[in-house]
Structures are given as structure tokens and as C-alpha cells.
1. With unit charges on the beta carbons (Lys and Arg positive, Asp and Glu negative) and the dipole taken about the Cα centre of the stretch 173-350, which residue among Pro296, Val243, Ile178 sits farthest to the positive side?
2. Contour minus end-to-end for Ile171 and Arg251, with contour as 0.36 nm per residue of separation and end-to-end as the Cα-Cα distance?
3. Can you give me the distance in nm between label points at Arg268 and Ala316, each placed 7 Å from the Cα along the Cα-to-Cβ direction?
4. Amide H neighbours of Leu270 under 5 Å, at least 5 residues apart or on other chains, H built in the peptide plane: list them.
5. Within the stretch 173-350, count lysine pairs with alpha carbon atoms under 15 angstrom apart where the residues are 8 or more positions apart or belong to different chains.
6. What number comes out for the charge environment of Asn286, summing +1 per Lys or Arg and -1 per Asp or Glu over other residues with Cβ under 15 Å away?
7. Could you run the Karplus curve 6.51 cos²θ - 1.76 cosθ + 1.60 with θ = phi - 60° over the stretch 297-302 and give me ³J(HN,Hα) per residue in whole Hz, x for Gly and Pro?
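Please treat every number below as a calculation from the coordinates, not as lab data. Fair warning: this is a prediction, and the values are worked out from it, not measured in the lab. A quick note on method: Cβ atoms are made from the backbone with ideal geometry, for glycine too, and the neighbour counts reach across all protein chains shown.
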Amino acid sequence: MIFLAPLTVALAYTYAQDNPTRNITFYIVTFQVKWLPYAMLAMTFVMNGPQQTMHEATGLVAAHLKRKFLLPLAAMSVQYDVVLDVVGEDSAATPNAITIERKAKRHLRNTPSRSSSPALDKDGLDDLDSKALTSALSTSLQSYPPKDHRLLLITPTNLKQLSSMPPVNPIPLLVASIGNPAPTYSNTLHSAGHTVLQNLKSLLFNPVFVKDRSLANGLVSEGDNGWTLWQSPSLMIVSGKAVGDAWKKWRATHGEGALVIVHDELERPLGKVTVRRQGGSARGHNGIKSIMSALPSTPFVRIGIGIGRPESREPADVAKYVLRKMTQQERDRIENCALEVLGALRNISDGP
């Protein structure tokens, strides 16, 4: 598979030159996530023959996707630290890559040299240095694998279990997207939060969304990781009542947790993700204003999905812009935000 790496970088460099709004890191990740699994699948067919390809190829693709989606993002630039799972004869005695990665993050936080790097960015996310994280991972892996190790090819069932694996001492999350209701306002820029939430469901291998009367008639998808994905059923401008009712009901069954609001961000470029832990103004966002009014004493995390804004600042022109249907290119950019949002959610669930 090594020869695929320079091909990926070359293709990414070409696209980055033609599309200067994204850097090469974005395209490397895009090509690896979207194309490499199919290349691996094809090579497995060629090398192993038809009799065992479906099982083994599925495992290879699943392992690749696990490495891409489950290892936490090392800062907001979407940098992935890829670590292969390795097991010995006694697989139960060997920690998997995710456990080792978590130990590495804790090692970084407890290392004195940590204070010399930026502690927290303005949005409250760890600004982990990728070289330092790689070094810590290498240290954690020194005693692994044993001499009789083999690569672990996981099945789709194991992948689903790993994707929902909670972090150490996880904080339960109610991840709520606000926008405008379908089908009238489906696929509009103002409902970018709903689009990202749908993609998060796929990345987490969660069940399909179903309407839940107990949670303010919102669409709900809940996996095994302590996160509840909830899509608001109301209009954006009156989101507060539905979010407030859902939050109170959710806390009654889940106990203490964190409320995370995923919403569109007019003042940010298309596809730019911003995270605000607590406090601050609504920045003119009517949906956030409504939630603040309904939950005045409840802190919540805001994850904004940039949708850009029209040149005109006339209210009528802005309303027309946010309520129009996305182009395919815009939708692709919005959907790609789900990876970055997933990393942010894992940081929130990991706690301070």
C-alpha cells in the first residue's frame, strides 16, 4: 500500500493548486478517506482471489476507516495520527491503538514541557502539537507489538463497537442541530447544522433518526457512546423552546452532561468550523438568541458551520441567501465538516 501515499500527495497537491481556498492537508485527508479504501479493496481482490475477498477486503477497508475516523483529530487543521492495531497470541493482553493514543494524550497533558506550547485556543480546544503527539505515541508503543505479533484486521461489527467506544470518564452529550424543518427547508444553507448531524450519524454508525415525542418531537439517533444526536423540529427563530424541552427531558434520563448546539455560521467562510465553549453573545444568530432566552442559566457549547455571506448586508438579501438550496459543491464542503466536528465532540466528551 506504500506506493499509494505519494499518489495521494501528488493528487492532493494538484487540487490544492487549483483550489487555493483549501490547503494540501485537506485534500490529502479527502483522498485518503474517499479513495484509498476502494484502492485497498481492489488490491485485495487481485492478491487473494475471489474465494476469500469479501471477508478480508471488508476487514481491510473497515480497519482503514477506523484509523481515519476514530483517532482523535490533533487540532483544528484536521491532522490524523494513524496507529495500526497490533495483537499478539493473547490479544486480550495487548491494548489497542485507541487506548495507547489516549495514554499518549494524558502523557502530553502531564508533561512539564506542555506548558511551553499553547495551552488552549480561544475556542477552548487543545492545540496539541502533532510532533509531540507522535513522539508520545511512539513512546507508548515501544513495548508493542510482541515478537509474534500480527496485524489486526477488524470486522464491520468490531468497527461499529470501536466507533462508539466512549473516552475515559466520558461526559454524555446531547448534540442538537438547529435549522428549519424538512422538507420545505431541506438542503438549505440555514440548515447546515442538520446536514452535519446527518453525516455524524454515519461516521458513528448510529441507527437511523426517528421522531421521539419524549424529546420535543425531535429526530433522535442514539448509539452506544453516550452521545444523543437530536435534530430540532422547529423553525430556527424559535429553536429555544424545543431545545429547552429536549434538554430537560434528556437530563432526567442521562443525568449530568453537556449540551452542544450545531448551527450555521453566517460570518465564517464556507466550511469553516468554530467552537465556542461558553459565554459570548449570540453574534446576531436568531436561533442562538432563542436558546439563550429559553435556557438563561444553562451553559452550552456552540459549534458553528461556516456558510459564508452575500456581499449585500440588506436583511432581505441575507434571508434569500441563507434560505436558498445549496449547490452540490457547497453541500460537499458542509458535509466534510462532519469529520472536524467529530474531533471537537470527542474533545468535549473527554472533558477539560
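1. Selected residue: Pro296.
2. Taking 0.36 nm per residue and subtracting the Cα distance, the gain is 27.6 nm.
3. Each label point is offset 7 Å from its Cα along the Cβ direction, giving 3.1 nm.
4. The list, which skips near neighbours in sequence, is Gly308.
5. So the count works out to 4.
6. +2
7. With the stated coefficients, the stretch 297-302 comes to 10, 9, x, 8, 8, 10 Hz.
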